[in-house]
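For reference, the structure discussed in these notes is given below.
The values are calculated or read from the model by the stated rules, or taken from the named source; none is laboratory data. Not measured: the values here are computed from a predicted model. Cβ sites come from the backbone with ideal geometry, for glycine too, and all protein chains shown count toward neighbours. Just the protein is used for accessible areas: all its heavy atoms, side chains included, with ligands, DNA and RNA removed. Shrake-Rupley method; radii C 1.70, N 1.55, O 1.52, S 1.80 Å.
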Amino acid sequence: MSGTAPTNAMGKADQMQSGLTRVLQNLPALRYFHTVALTGSFRAAAEKLNIAASAVNRHVRQLEAAIGLPLFERRSRALTLTDAGETLLRRVTRILDEVAMTGEELADLHRLSPGHVRIGAHDALAREMLPHLILSFASRDPHVRFTIRTGRAPELLAHLGGGRLDMVFVYDAPTDINIRVVREYALETCAVMRHDHPLASRDFVTLHDCSAYPLALPDDAAYLNAFRKRLAMREPSGCLPFLTTNSFQIMRDFAARSDLVSLQTPLPAQLCPRNPALSYVRVTEPLARYSLMGCCIMTDDGLSDACRGFLDHGLGILDGALA
């Protein structure tokens, strides 16, 4: 039978690599070797390390045994690094420097006590509300970091339930046993149009008034169905929206350049300055829960200190602006 028989024996290079791996897991031995190399003697290294010289010598010999090469030429009056010792010294110096730097970085993190707040929000709320809340909070606690994810309510609430978000701000927050709506704010429904639009001079308008013009509405089937139902429309052909989109900014851009009317729930001016090129006219018939903005967290409320601090800060601002 020809061929090579299997063997359990390790090659010399493999043995050296395995031994060195064990050595690298023992930082004290590397530190003792490093100190001996820098001081030039076991006695001087022992004094600097405040341990017995025999312990230093034992660790260095264990290091040499694991590597399989001598690290020092031991002469009567001095120690000289071998080629293996010179190579190891360069590497160990880098390792110990990295360990020291890591310790300093971790100490800085401990002193600063940073946190990470992950927020989900509808696009309009992320653009218009969150900058004010986050930047005002950062002025008093600059070490907290933020992540913002935008999307629709079902997607954001799924991320909240999966532990990928700490809190979400959405319209029409659903009832869910695992999700707690900590605040819900009724926002004013407005028809948004340019200043010279025929409806712009009115104190208020109805949905029927708005339906006489091209409309921009949120791209949401439930919202559109509620709008049509409110107008008692049996057929949609008389009032199909000219534009549907999930971006309130795009709706405002179209309204600023045409006779189009956009239905929106804008935030108060103290939270987000309004577009000076547009008029905001109150609609007398809010579309049920679609004018309600809710702040949601998980029912178990396992928020970090940073998340809790930001939530309290943000709700305080919103309470003052929207109460």
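At-a-glance table
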{"read-out": "Residue check, residue 164 of a type outside the set (Gly, Ala, Ser) and more than 25 Å from the chain's Cα centre (by Cα)", "value": "no"}
{"read-out": "Matching option when the condition is modelled with pLDDT of 85 or more and of a type in the set (Lys, Arg), among 252, 234, 274, 289", "value": "252"}
{"read-out": "Sole exception among (1) open to solvent by 10 Å² or more (accessible area, probe 1.4 Å); (2) over 21 Å from residue 227 (Cα atoms); (3) assigned to a strand (DSSP E or B) for residue 280, by number", "value": "(2)"}
{"read-out": "Any chance residue 20 is at pLDDT below 90, open to solvent by less than 30 Å² (accessible area, probe 1.4 Å), in a helix (DSSP H, G or I) and in contact with a helix residue (DSSP H, G or I) (Cβ under 9 Å, 6 or more places away or on another chain)", "value": "no"}
{"read-out": "Hey, residue 85 open to solvent by less than 50 Å² (accessible area, probe 1.4 Å), on the phi < 0 side of the Ramachandran plot, more than 16 Å from the chain's Cα centre (by Cα) and at pLDDT below 90 or not", "value": "yes"}
{"read-out": "Filtered residues of the range 38-64 (kept if without any contact (Cβ under 8 Å) to a residue 24 or more places away in the chain and aliphatic (A, V, I, L, M))", "value": "38, 44, 45, 46, 49, 51, 52, 53, 55"}
{"read-out": "Those helices (runs of 4 or more DSSP H) lying entirely in the range 120-224 with at least 3 residues without any contact (Cβ under 8 Å) to a residue 60 or more places away in the chain and open to solvent by 50 Å² or more (accessible area, probe 1.4 Å)", "value": "153-161"}
